[in-house]
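Read through the structure below, which is laid out as structure tokens, and then see the notes.
The values are calculated or read from the model by the stated rules, or taken from the named source; none is laboratory data. On a predicted model such as this, the values are computed, not experimentally measured, just so you know. As a convention, Cβ positions derive from the backbone with ideal geometry for all residues, glycine included, and neighbour counts pool all protein chains shown.
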């Protein structure tokens, strides 16, 4: 075969180009979104796990799905972050696995992108010592519509 020139560097971080997959089970779209999906065992079909703005969120969604599909022996991106609810290797449907994975991915994505938005408020409100602000329950998977402003609520 051909010579392997790129394997001579000792620092592994210099070998990876910028757009390679940093985690298992995810890939980056051309426009910059990170997506996660997993193949169902013994089937050709895949379970779509969602599209996320951060690779960590996509990887956590993948970890959730692979844990429910393959149990505690699954190879995870973040083995210390998986929450075992006693249902590893349960007989969950693809839709149930997708739901659990997208919930985790959306939560991580919101925390990754929090800055000054509702995610920051939610994180602060979850700590017991913080009680200075009222947090609103918002759907983190949807952008707010311009029609739903406070002015429209008065009518």
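Determine whether residue 97 is in a helix (DSSP H, G or I) and at pLDDT 90 or above.
Values: in a helix (DSSP H, G or I): yes; at pLDDT 90 or above: yes.
When the stated conditions are applied, residue 97 passes them.
Looking at (1) under 24 Å from residue 29 (Cα atoms); (2) assigned to a helix (DSSP H, G or I); (3) modelled with pLDDT under 80, which is the one condition that is false for residue 122?
(1)
Quickly run through the range 71-89 and pick out the residues that are more than 16 Å from residue 104 (Cβ to Cβ) and either in contact with a strand residue (DSSP E or B) (Cβ under 9 Å, 6 or more places away or on another chain) or at pLDDT 70 or above (or both). Can you show your working first?
From the range 71-89, those more than 16 Å from residue 104 (Cβ to Cβ) are 71-73, 75, 86, 89; that's our starting set.
Of everything in the range 71-89, those that are more than 16 Å from residue 104 (Cβ to Cβ) and either in contact with a strand residue (DSSP E or B) (Cβ under 9 Å, 6 or more places away or on another chain) or at pLDDT 70 or above (or both) turn out to be 71, 72, 73, 75.
Within the range 24-47, how many residues are exposed (fewer than 10 other Cβ atoms within 10 Å of the Cβ) and either over 17 Å from the mean Cα position of the chain (by Cα) or within 22 Å of residue 79 (Cα to Cα) (or both)?
Let us first name the residues in the range 24-47 that are exposed (fewer than 10 other Cβ atoms within 10 Å of the Cβ), namely 29-32, 41-45.
The next check asks that each one be either over 17 Å from the mean Cα position of the chain (by Cα) or within 22 Å of residue 79 (Cα to Cα) (or both); those that pass are 30-31, 41-45.
Adding up the residues that qualify gives 7.
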